[in-house]
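Structure first, commentary second.
The values are calculated or read from the model by the stated rules, or taken from the named source; none is laboratory data. As the structure is a prediction and not an experimental result, all values here were calculated from the model. Virtual Cβ from ideal backbone geometry, glycine too; neighbours counted across all protein chains shown. Please note that ligands, DNA and RNA were not included when accessible areas were found on the heavy atoms of the full protein model with its side chains. Shrake-Rupley method; radii C 1.70, N 1.55, O 1.52, S 1.80 Å.
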Amino acid sequence: MKLGRLNHVGVATPSIEKSISFYRDVMGAEVIREPFDLPAQGVKVCFVDTPNSQIELIEPLGESSPIHGFLAKNPAGGQHHLCYEVPDIHAAKAWFEGKGAKVLGEPRIGAHGTLIFFVHPKDMGGVLTEIMETPKGDH
């Protein structure tokens, strides 16, 4: 397995609308995608483009959302995860498992419409890490 491109930094937020205002008005973001619900993962997401990556704003869709627990501990929100691309999601999953890392669930469709999985922070230097198959047509 080879470390791929940093696709995005996931930022949990109690309000995507307030976060959009922050990235637009304070940080000077020029390209902010339309927010959308991802019910299968219990979140609403919005991508903010940067020159070399994206910020993924993540808001919980109710109390059963995994983001709800994060925000209970961090009410103002904050960095939730890093996401790296790989060419083959199944090979990457096998590689991480072979290294003894705890993969959180099976590969599933993520916000970019491509397969993803997460690796537990205890096995990733304290950082929740999303592994994402490089979208077709990219790079």
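Give the angle, between 0 and 90 degrees and rounded to the nearest 10, that separates the Cα long axis of helix 89-98 from the longest principal axis of the Cα atoms of the chain.
Tilt of helix 89-98: around 70 degrees.
Are there any GluC sites (Glu not before Pro) in segment 3-71 that are in a DSSP loop and have at most 11 other Cβ atoms within 10 Å? List them by number.
GLU30, GLU63
Over segment 5-133, what percent of the accessible surface lies on carbon and sulfur atoms, probe 1.4 Å?
The computed percentage sits at 55.
With every protein chain present, what accessible area does PHE36 have (1.4 Å probe, heavy atoms only), rounded to the nearest 10 Å²?
Number for this one is 70 Å².
Too long at a 24 Å Cα-Cα cut-off: which of LYS2/LYS73; LYS99/LYS136; LYS18/LYS44; LYS18/LYS136; LYS102/LYS136?
Beyond 24 Å: LYS2/LYS73; LYS99/LYS136; LYS18/LYS136; LYS102/LYS136.
Rounded to the nearest 5, what % of the DSSP beta bridges within the chain are antiparallel ones?
Roughly 70 percent of the beta bridges in the chain run antiparallel, per DSSP.
Filter the trypsin sites (Lys or Arg not before Pro) in segment 64-139 down to the DSSP loop ones having no more than 15 other Cβ atoms within 10 Å, then list what survives.
Those that pass, being in a loop and sparsely packed, are LYS99, LYS102, LYS136.
Over segment 19-60, give the accessible area per residue in Å² for a 1.4 Å probe, as an integer.
56
From the C-alpha gyration tensor of the chain, pull out the three semi-axes of the equivalent ellipsoid (sqrt of 5λ each), sorted largest to smallest, in whole Å.
Taking √(5λ) for each eigenvalue gives 25, 18, 13 Å, largest first.
For the pair LYS102 and ASP49, what calculated FRET efficiency results from E = 1/(1 + (r/R0)^6), where r is the Cβ-Cβ distance and R0 = 22 Å, to the nearest 0.05?
Result of the calculation: an efficiency of 0.10.
Keeping all protein chains in the complex and leaving out DNA, RNA and ligands, what accessible area do you get for LEU115 with a 1.4 Å probe, in Å² to the nearest 10?
Estimated to the nearest 10 Å², LEU115 gives 50 Å².
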